[in-house]
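Scroll down for the structure; my scribbles are underneath it.
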Amino acid sequence: MPQEDSSVALSLEVKKFINSEHVGKFVEIHLPLEGEPVRPPKKNKKAPAEPQPEDVEKTQPEPLPPQEEEDPAFETLRIHYMDEGDGEPLVLVHTIGQSIYTWRCLYASLTQHYRVIAVDMPGFGYSSRPDVYSYTIEEQSKALELFLDAIGIESAHFMGFSMGCAYVMDLCLRQPERAGRVILLAPGGLTPEMPTPVKLLDSGLFGGIAAALFGIRTVENVLSDCFFDLTVGLNEDVVTEYYKTISDSASRRALRLSIHNFEDETLVSQLRTTEMPVLILLGSEDRWRTSAQTELFHAAIPDAGYAMVRNAGHLLHEEKPDKVLSAVLEFIPVLAPDAE
């Protein structure tokens, strides 16, 4: 009977992460626009007649017309997220093309120790696809900051994955007082080892075509390259759920721009100023990210910890959630309920 109860509980936890706008919460943020909105000229508005000299003293000044309300210099986005558990806040940030679904194997276990907040970044999952947005590291970092403001999180621990690590670190470098401890899973940007469909998204010439052709079979092939043991993490349901939130044109645009505008050289050069404790984890069988590439982050961050998760590919937190959980619990001390 206990085993049956455990299976039911696990089933319910997995169902929470079936990608749906009805699961989780939404909050609005106001994303500043880069420039003032362009307003069309007024139509059919004649210039007033010039007053005659003899009428100047007789004419009383006309009351000023009411000021027209200016368009707001920001775009309102709805951010989708999950927020469960007690304890210190731990914010989970996915990479390009993902959603909070990537944390499905780890989320429930983490909520036993922390208040866990998994967020769909703008352009992905069930968050808004902004109209005026380039999906740069700086923009996504600012959106993450505004999201934390909106839900009342002044400071937190962070865990980012792959390119999502750049969003996390940019925020932590700009506002170090908001960061506790930071875990980076396979950090870095685009690499020569990544599959051709992914690398083509970076092409100014073929990026749009590559995005349009990014179908469900492409998603399956890309995911299969991210696991060391396909029998552990990859099946038809996983492929379907990954594809669901990048299947429309707005999502494909977000995918393409996120890859094309990802430039982390400036960020990497600033990592030496990192003040908070950082732990880097990498799968030993990661085909996308070599240990030499990850060393760029490790060497740049003062006193950063580094560990290899054995028999895991790029999606180490999906393939080896127990190993990643152990590393998290060791790195981020769990406060006792009565601790101040």
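The values are calculated or read from the model by the stated rules, or taken from the named source; none is laboratory data. Since we're looking at a predicted model, the values are computed, not measured. Positions of Cβ are backbone-derived with ideal geometry, glycine not excepted, and every protein chain shown enters the neighbour counts. Accessible surface areas use protein heavy atoms only, side chains included; no ligands, DNA or RNA. Shrake-Rupley method; radii C 1.70, N 1.55, O 1.52, S 1.80 Å.
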Need the failing condition index for GLU177 against (1) more than 21 Å from ASP120 (Cβ to Cβ); (2) in a loop (DSSP other than H, G, I, E, B), just the number. (2)
Can you find a residue in region 125-133 that is modelled with pLDDT of 95 or more and either touching a Phe, Trp or Tyr at 6+ places or on another chain (Cβ under 7 Å) or among the charged types (D, E, K, R) (or both)? yes
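Restricting to region 109-143, give me the number of residues that are open to solvent by 10 Å² or more (accessible area, probe 1.4 Å) and of a type outside the set (Phe, Trp, Tyr). Break it down stepwise before answering.
Filtering region 109-143 down to residues open to solvent by 10 Å² or more (accessible area, probe 1.4 Å) leaves 109, 111-113, 115, 126, 128-129, 131-134, 136, 138-139, 142.
Next, from what is left, pick out any that are of a type outside the set (Phe, Trp, Tyr): 109, 111-113, 115, 128-129, 131-132, 134, 136, 138-139, 142.
The number of residues fulfilling the criteria is 14.
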Exactly one of (1) open to solvent by 50 Å² or more (accessible area, probe 1.4 Å); (2) within 30 Å of SER249 (Cβ to Cβ) is unmet by SER155. Its number? (2)
Read through the list (1) open to solvent by 10 Å² or more (accessible area, probe 1.4 Å); (2) part of a helix (DSSP H, G or I); (3) of a type outside the set (A, V, I, L, M, F, W, C); (4) farther than 21 Å from HIS317 by Cα, then give the number of the only condition that GLU241 fails. (4)
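Test of understanding: among LEU106, LEU146, which residue is open to solvent by less than 10 Å² (accessible area, probe 1.4 Å) and either under 11 Å from the mean Cα position of the chain (by Cα) or on the phi < 0 side of the Ramachandran plot (or both)?
Numbers: LEU146 fails: open to solvent by less than 10 Å² (accessible area, probe 1.4 Å).
That would be LEU106, the only listed residue that is open to solvent by less than 10 Å² (accessible area, probe 1.4 Å) and either under 11 Å from the mean Cα position of the chain (by Cα) or on the phi < 0 side of the Ramachandran plot (or both).
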Just checking, does region 103-110 include any residue being more than 14 Å from ASP83 (Cα to Cα), touching a residue at least 24 places away in the same chain (Cβ under 8 Å) and of a type in the set (S, T, N, Q)? no
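Hey, does region 112-134 have a residue that's within 25 Å of LYS244 (Cα to Cα) and part of a helix (DSSP H, G or I)?
First pass over region 112-134, keeping only residues within 25 Å of LYS244 (Cα to Cα): 116-134.
Now narrow it down to the ones that are part of a helix (DSSP H, G or I): none.
Within region 112-134, not a single residue is within 25 Å of LYS244 (Cα to Cα) and part of a helix (DSSP H, G or I).
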Of everything in region 235-261, what is over 16 Å from GLY208 (Cα atoms), in contact (Cβ under 8 Å) with a residue 12 or more places away in the chain and not charged (D, E, K, R)? Give them in sequence order. VAL238, VAL239, THR240, TYR242, TYR243, THR245
